[in-house]
Amino acid sequence: MSAPPSEQAGGAVSQAGTDAAGVTRGRAFLAKLARWELLLVVLLIGVLVYNARLSPYFWDSQNILDDTSNFMEIGLLALPMTLIIIAGHIDLSVGSTAALASVIFADRFQAGWNVWLCCLAALAVGALAGLINGLVTTRVKIPSLVVTLGTFALYRGLANGILGNTEVSGFPDSFVGIDLRYLGNTHIPAPLIIFAVAAILTILLLHGTVFGRYVFAIGNNEQACRFSGVAVDRVVVILFTLSGLVAAFAGLILTSRLQTSRGDLATNFELQAITAAVLGGANIFGGSGTIYGAVLALFVIGLLQNGLTLANISGDIQTIAVGVLLILSILLPGLARRGRAAFGRRRGGDASRAKRSPAT
Amino acid sequence: MDRRRLVTLVARFREFGILLVLILLVAITSVGNSNFLTSTNLEGIALDTAILVILAIGETVVILTRNIDLSVGAILGFSALFVGVVLKVHPGVPIPAALLLGAAVGLVFGLGNGLLVALGEVPAIIATLGTLGIYRGLIFVYSSGSNQHEITASDLPNNFLALATQTFLGVKLFLIIPVLLLLAAGYWLGQTRSGREVYAVGGNGAAARLAGIKSGRTVLLAFALSGALAGLGGVLYLARYAQVDTLAGSGMELNVIAAVVIGGTSTLGGVGGVLGTLIGCVLLSVINNSLVLLTDPGSAQFWSRAVYGLVILGAVVADALITGRLQRALRRRRA
């Protein structure tokens, strides 16, 4: 379990001091980051080649673009997840929130509401679910890991309870089939466009606003942020509310694409969203990460699963691949860092870099 | 010393609180449905609790070291299906061997978790979230590889199924295993050096390391134990339900973690114990049973997850509030 942010200040990133040595170390970190994204690009190319070998139809532009619709919901979840992880928190409840929103939508639809009003109700419930996560985390001061583990069960349980083992379909044509709508005369499906817009907005938020700088700062040293007058709790509550809202939105897109709503929708989505964020280079202890990396990692995961499906490997077994990717993406950089540190020590270099992570 | 007094105060307070909730629940349910206090129903609750307790003992040790193990449900599922297939193919395997086989399978998975966390320095939540997917996937690999997708009562030898019904000196054989494990775990955590080290590592890892405790080894041991117990639980699950498919034990990690957290073991490590966990397990089983008895049995199973979630949240929130208040009170007294 991760240590509270105040104890994590010694992470690799924040070691960069204010002196000249710190600057070089900061630059070295940037260089490492660039290498990480390069690694992702190589991985992505590898997956593309693998897919192309499996099916001659893979490279068809229509096909490859349509395939992306399968993982755009996870992509949407991964965007706020990256922000939350950078801030030193985690949200395990996003898959459950997406399912709850879908079920609320279906329930209100059955009650005879206008379909767009149903969407609004679902979004409101999602935002509320996220708000609850944020408020309990900040007000009661419980680790978000524990809070969202509880709401992971609670929101999924509500979704299961409301619909039981029934499923709802028969939504109007104006709502269903979002993945069958394209931009003008192109082959670009609507979910991909929605994701692209959301990703650009998140990049602007994280890398272009004061709020974004606060997210990094909180993840690096929450205590220092509090002493500097940053409204830490407000930022965290906003992040979780945003995560809930986006999860509800993803749940609606999923419902539109599958044309049905069920209580067990979006199972395991949190695993994949966290994998995308962490494989994309977000530090699980907070303080660093990029949206570009998360987007690249999302395509690696999504296209890999697509390839495994082409190879007739069932979805249940595909979770092995996601699990392995998740663990390796944290294990390997850690081992590399320690290897470098040990090497440096042997040469009589800076021993302080061999600092142990506060993981355990 | 203040910290210790605080801990005992909180522990007494919350064990009393949980017991009160338990009594209230029993009273309401027995008034609402006369079937609750029948021996068959109580026996069912005891058998359900038995499996939960075995997994929760391991999870308690892991959480005491300030880690978490999300993979126990998947380990239970793998062990149940694996041992079920072995018993189907070789009906002559003696029961102790079947139990040991399940524990050994779980031990391997648990060591995998432990190595990732202790040696690989992967945060436990991420490591076991990953292995949850991997182990569950391996169940599918195994079931499609061996072409055994389901084990039912007719596949299992009778003497194995008798594990859940046979009695020894008037007590169900099935219940003796968790009782022995509870006693052993209580003694180990409370009275032995390595058991106290579990608390030291979870309470203050840096201080424990400086005091010469090999914290990595303690964490590895905790995960190995959790895995082995989950594997053992899988064999008992097989004997109790005699119906196992590839989804056996999915989501069970939540019940286990809920029981541990309700029982007063802090997710921040170093505080708690198996006695509280036992009470937590009994409370969860009674809640589950009451849901079935008091509501329409068809819908109860769908709401149970929501109730677990609420119970986890309620327990940790109450814990944080009580601890905070006590801490303030102690500070005032000192001032």
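Rundown of residues vs (1) closer than 26 Å to B:N204 by Cβ; (2) not hydroxyl-bearing (S, T, Y), yes/no style:
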site: B:M252; (1), (2): no, yes
site: B:I257; (1), (2): yes, yes
site: B:V261; (1), (2): yes, yes
site: B:S290; (1), (2): no, no
site: B:R305; (1), (2): no, yes
site: B:V311; (1), (2): no, yes
site: B:R328; (1), (2): yes, yes
site: B:R333; (1), (2): yes, yes
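Go through (1) in a helix (DSSP H, G or I); (2) surrounded by fewer than 18 Cβ atoms within 10 Å (Cβ to Cβ); (3) touching a helix residue (DSSP H, G or I) at 6+ places or on another chain (Cβ under 8 Å) and name the single condition A:L40 misses.
Exception for A:L40: condition (2).
Search the range A:110-137 for residues being over 18 Å from A:T97 (Cβ atoms) and assigned to a helix (DSSP H, G or I), and hand back the single one that is farthest from the other protein chains (Cβ to nearest Cβ).
A:W116
I need the full set of residues from the range B:272-304 which are closer than 14 Å to B:A50 by Cα and without any contact (Cβ under 8 Å) to a residue 60 or more places away in the chain, in order please.
Scanning the range B:272-304 gives no hits.
Select, from B:V141, B:V122, the only residue that is aliphatic (A, V, I, L, M), free of Cβ contacts under 8 Å to residues at least 24 places away in the same chain and crowded, with 24+ Cβ neighbours inside 10 Å.
Residue meeting the stated conditions: B:V122.
Tell me which residues, restricted to the range B:260-270, are aliphatic (A, V, I, L, M) and surrounded by fewer than 24 Cβ atoms within 10 Å (Cβ to Cβ).
If the condition is that a residue be aliphatic (A, V, I, L, M) and surrounded by fewer than 24 Cβ atoms within 10 Å (Cβ to Cβ), then B:L268 is the only one that fits.
From the list B:L229, B:L189, B:L210, B:L221, pick out the single residue that is out of contact with any helix residue (DSSP H, G or I) (no Cβ under 7 Å at 6 or more places or on another chain) and either touching a residue at least 60 places away in the same chain (Cβ under 8 Å) or within 17 Å of B:I51 (Cα to Cα) (or both).
B:L221
Grab the helices (runs of 4 or more DSSP H) fully contained in the range B:128-223, keeping just those with 2 or more residues being more than 29 Å from B:V85 (Cα to Cα) and away from chain A (no Cβ under 14 Å).
Correct list: B:173-191, B:193-203.
Quick check on this structure: which one of B:L132, B:L87 is in contact with an Asp or Glu (Cβ under 8 Å, 6 or more places away or on another chain) and within 18 Å of B:I177 (Cβ to Cβ)?
Exactly one of B:L132, B:L87 is in contact with an Asp or Glu (Cβ under 8 Å, 6 or more places away or on another chain) and within 18 Å of B:I177 (Cβ to Cβ), namely B:L87.
Given the options B:L326, B:L321, B:L330, B:L310, name the one that is surrounded by fewer than 20 Cβ atoms within 10 Å (Cβ to Cβ), touching a helix residue (DSSP H, G or I) at 6+ places or on another chain (Cβ under 8 Å) and without any contact (Cβ under 8 Å) to a residue 60 or more places away in the chain.
That would be B:L310, the only listed residue that is surrounded by fewer than 20 Cβ atoms within 10 Å (Cβ to Cβ), touching a helix residue (DSSP H, G or I) at 6+ places or on another chain (Cβ under 8 Å) and without any contact (Cβ under 8 Å) to a residue 60 or more places away in the chain.
State all residues of the range A:187-239 that are closer than 15 Å to A:H89 by Cβ and of a type in the set (G, A, S); if no residue qualifies, say none.
Listed by number, the residues that qualify are A:A217, A:G219.
What tally of residues in the range A:40-62 results from selecting those that are over 21 Å from A:L296 (Cβ atoms) and aliphatic (A, V, I, L, M)?
1
Mind listing whichever residues of the range B:237-253 are within 15 Å of the chain's Cα centre (by Cα) and surrounded by fewer than 24 Cβ atoms within 10 Å (Cβ to Cβ)?
Correct list: B:S250, B:G251, B:M252.
Does B:L64 fit the bill of being within 22 Å of the chain's Cα centre (by Cα), crowded, with 24+ Cβ neighbours inside 10 Å and not basic (K, R)?
It is true that B:L64 is within 22 Å of the chain's Cα centre (by Cα), crowded, with 24+ Cβ neighbours inside 10 Å and not basic (K, R).
When you check A:A294 against the structure, is it within 15 Å of the chain's Cα centre (by Cα), closer than 30 Å to A:S144 by Cα and more than 11 Å from chain B (Cβ to nearest Cβ), yes or no?
Judged against the criteria, A:A294 is a match.
Just to verify a result, which residue in the range A:138-157, among those that are free of Cβ contacts under 8 Å to residues at least 24 places away in the same chain and in a helix (DSSP H, G or I), is farthest from the other protein chains (Cβ to nearest Cβ)?
Top of the filtered list is A:V147.
Hey, can you tell me all the residues within the range B:102-127 that are under 17 Å from B:L55 (Cβ atoms), of a type in the set (V, I, T) and facing chain A (nearest Cβ under 8 Å)?
none
Mind checking whether some residue in the range A:168-180 is within 23 Å of the chain's Cα centre (by Cα) and on the phi < 0 side of the Ramachandran plot?
The answer is yes, given that some residue of the range A:168-180 is within 23 Å of the chain's Cα centre (by Cα) and on the phi < 0 side of the Ramachandran plot.
Being buried (at least 18 other Cβ atoms within 10 Å of the Cβ), in contact with a Pro (Cβ under 9 Å, 6 or more places away or on another chain) and within 14 Å of chain B (Cβ to nearest Cβ), is that true of even one residue in the range A:179-198?
no
For residues that are touching a Phe, Trp or Tyr at 6+ places or on another chain (Cβ under 9 Å) and buried (at least 20 other Cβ atoms within 10 Å of the Cβ), scanning just the range A:255-271, find the one that is farthest from A:L123 (Cα to Cα).
It comes out as A:E270.
Pick from B:I279, B:I257: which is under 26 Å from B:G106 (Cβ atoms), of a type in the set (V, I, T) and surrounded by fewer than 23 Cβ atoms within 10 Å (Cβ to Cβ)?
Result: B:I279 is the single residue among B:I279, B:I257 that is under 26 Å from B:G106 (Cβ atoms), of a type in the set (V, I, T) and surrounded by fewer than 23 Cβ atoms within 10 Å (Cβ to Cβ).
Can you say whether B:G233 is at positive phi and under 13 Å from the mean Cα position of the chain (by Cα), as far as the supplied structure shows?
No; evaluated as a whole, the condition is false for this residue.
Which of the residues spanning the range B:224-268 are at the interface with chain A (Cβ under 9 Å from one of its Cβ atoms) and among the hydroxyl-bearing types (S, T, Y)?
B:T246, B:T267 - these are the residues of the range B:224-268 that are at the interface with chain A (Cβ under 9 Å from one of its Cβ atoms) and among the hydroxyl-bearing types (S, T, Y).
Among A:V322, A:V278, which is crowded, with 22+ Cβ neighbours inside 10 Å, modelled with pLDDT under 90, closer than 26 Å to B:F109 by Cβ and within 9 Å of chain B (Cβ to nearest Cβ)?
Every option except A:V322 fails the conditions.
Sort out which residues of the range A:200-239 are crowded, with 20+ Cβ neighbours inside 10 Å, within 30 Å of A:D66 (Cα to Cα) and not polar (S, T, N, Q), and write them in order of number.
Of everything in the range A:200-239, just one residue is crowded, with 20+ Cβ neighbours inside 10 Å, within 30 Å of A:D66 (Cα to Cα) and not polar (S, T, N, Q), namely A:L206.
Within the set of pairs 6+ apart or on separate chains, which have a first residue in the range B:157-179 that is over 18 Å from B:I54 (Cα atoms), a second that is at pLDDT below 85 and not in a strand (DSSP E or B), and C-beta atoms under 7 Å apart?
The qualifying pairs are B:Q166/B:L173; B:T167/B:L173.
The values are calculated or read from the model by the stated rules, or taken from the named source; none is laboratory data. Quick caveat: nothing in here was measured; it's all calculated off a predicted structure. All Cβ positions, glycine included, derive from the backbone under ideal geometry; neighbour counts span all protein chains shown.
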